[in-house]
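Sharing a structure with you now.
The values are calculated or read from the model by the stated rules, or taken from the named source; none is laboratory data. It should be emphasised that the depicted structure is a prediction, and the values quoted were computed from it without experimental measurement. Cβ atoms come from the backbone with ideal geometry, glycine included; neighbour counts cover every protein chain shown.
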Amino acid sequence: MASKLQYVTISEDPIVSKLKRTCIQPNKTFGEIAVGPKGVVLPEVYMKEAEKILDMEVRPEDIWVISLPRTGTTWTEEMTWLLSNDLDYKAAQSKELYKRFWYLELAATLGDKKFSNEFGSVDTISNAKSPRFIKTHLGIDLLPKQLWLVKPKIIYVYRNPKDVVISLYHFMSMLNKMQGTLEEYAEAFLNNKCNYCPFWEHVLDFWKIKDEKNILFLTYEQMTQDLVSVIYKTAKYLGTTITEEQTQKLAQHLDYKNMKKNNSVNQKKQLLKFKVVSQPEDVNFIRKGISGQWKESMSQELIIKFDEWTKKYLLETDFPFYE
């Protein structure tokens, strides 16, 4: 079905072309089009499934995690699934996270049947039994229209964009063997040429509806600074009772070092299977798990660019979390 969504092609954009030239194996993780009223950057193959996603049935018992990439999505998914499933660590360990938490648009953005078979597709999710756990990085205008009528539970996760771009840079270096500099990648990010950008439009659209009863707005920084409090807050939101002992055990399970070596969440098996990396030691899906790495990784010039870029978006908002 042809999509009614409007899009423009950006694959030949000078910034995108420059970024591709720094990669030994560029692939569909690079944006090719800017979609919808906000110009969300995605691969062109996504348009084949765009309407299907917009028209997807949403159920009251669904639980959604929505975020931009590299903002703590996996962390939040694992926490949410365990809190919603009686802290069943054995079940969580026996089944990879991507089989417990559907990735809404992954197959649509990669356009390859082997990924649909492995990770599921929009059709797979539509036919899945309830309760469904669904994650997505899509912006608010590209999500299923029923989401705003049915109003299932939605957990949104934000992270400081200066840390996001560093995490994305290392992730893309693993994914595409990118040889360019952080500054080159940041240029594309600041100019909305990376997948799922524009960043601040995505965040602020959800910040505006944060007070809706079905929305919980979390931040990566809160999770790194006081994970126990975030667990309690999320448990309350999900209607789950949790003891102090259970909370401490869950916090230990979610600790960065444990998540990194947990094969049900660290994507090692999948990255090796699909030959994204050739050696287990090259897998770097879960990297450092800290906040504020930009202070050590960014030049002063790049920090100023990010601060000035952010200022124009936050000027007339009450958004409090940018540092």
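Select the helices (runs of 4 or more DSSP H) contained entirely in region 40-117, then report the ones holding at least 1 residues which are under 12 Å from the mean Cα position of the chain (by Cα).
73-84, 106-110
Output the residue which, of all residues in region 144-163 that are under 22 Å from L238 (Cα atoms) and charged (D, E, K, R), is surrounded by the fewest Cβ atoms within 10 Å (Cβ to Cβ).
Ranking the candidates gives K151 first.
I've got another one for you. Filter region 141-163 down to residues that are of a type in the set (A, V, I, L, M, F, W, C) and outside any loop (DSSP other than H, G, I, E, B) and give me whichever is nearest to Q300 (Cα to Cα).
Looking at residues that are of a type in the set (A, V, I, L, M, F, W, C) and outside any loop (DSSP other than H, G, I, E, B), I get V157.
Then there is this: Can you tell me which residue is surrounded by the fewest Cβ atoms within 10 Å (Cβ to Cβ) among those in region 208-221 that are out of contact with any Ser or Thr (no Cβ under 9 Å at 6 or more places or on another chain) and among the hydrophobic types (A, V, I, L, M, F, W, C)?
Top of the filtered list is I209.
Could you list, ordered by first residue, the pairs with Cβ atoms under 7 Å in which the first is in region 135-164 and over 12 Å from I63 (Cβ atoms) and the second is assigned to a loop (DSSP other than H, G, I, E, B) and of a type in the set (F, W, Y), at least 6 apart or interchain?
Once the first residue is over 12 Å from I63 (Cβ atoms) and sits in region 135-164, its partners that are assigned to a loop (DSSP other than H, G, I, E, B) and of a type in the set (F, W, Y) give H137/Y196; Y158/F321; N160/Y322.
I've got another one for you. From the set of residues in region 123-138 that are within 30 Å of C194 (Cα to Cα) and not hydroxyl-bearing (S, T, Y), which is surrounded by the fewest Cβ atoms within 10 Å (Cβ to Cβ)?
So, considering only residues that are within 30 Å of C194 (Cα to Cα) and not hydroxyl-bearing (S, T, Y), the one surrounded by the fewest Cβ atoms within 10 Å (Cβ to Cβ) is D123.
Further question on the same structure: Quick check on this structure: which one of T247, T224 is at pLDDT below 95, farther than 26 Å from V150 by Cβ and either of a type in the set (S, T, N, Q) or surrounded by 13 or more Cβ atoms within 10 Å (Cβ to Cβ) (or both)?
Checking each option against the conditions leaves just T224.
Limited to region 212-224, what total is found for residues that are farther than 12 Å from R159 by Cβ and out of contact with any strand residue (DSSP E or B) (no Cβ under 9 Å at 6 or more places or on another chain)?
Of the residues in region 212-224, 1 are farther than 12 Å from R159 by Cβ and out of contact with any strand residue (DSSP E or B) (no Cβ under 9 Å at 6 or more places or on another chain).
Run down S291, S278 and say which single residue is among the polar types (S, T, N, Q), within 25 Å of T76 (Cα to Cα), assigned to a loop (DSSP other than H, G, I, E, B) and at pLDDT below 90.
That would be S291, the only listed residue that is among the polar types (S, T, N, Q), within 25 Å of T76 (Cα to Cα), assigned to a loop (DSSP other than H, G, I, E, B) and at pLDDT below 90.
Conditions: (1) more than 20 Å from P43 (Cβ to Cβ); (2) surrounded by fewer than 19 Cβ atoms within 10 Å (Cβ to Cβ); (3) in contact with a Lys or Arg (Cβ under 9 Å, 6 or more places away or on another chain). D141 meets all but one. Number of the miss?
If we test D141 against (1) more than 20 Å from P43 (Cβ to Cβ); (2) surrounded by fewer than 19 Cβ atoms within 10 Å (Cβ to Cβ); (3) in contact with a Lys or Arg (Cβ under 9 Å, 6 or more places away or on another chain), just (1) comes out false.
Scan region 187-211 for residues that are over 23 Å from L106 (Cβ atoms) and either in contact with a strand residue (DSSP E or B) (Cβ under 8 Å, 6 or more places away or on another chain) or not in a helix (DSSP H, G or I) (or both) and jot them down.
N191, W207, K208, I209, K210, D211
Turning to a different aspect of this structure: Among the residues of region 179-186, is any more than 19 Å from the chain's Cα centre (by Cα), surrounded by fewer than 17 Cβ atoms within 10 Å (Cβ to Cβ), assigned to a helix (DSSP H, G or I) and at pLDDT 95 or above?
no
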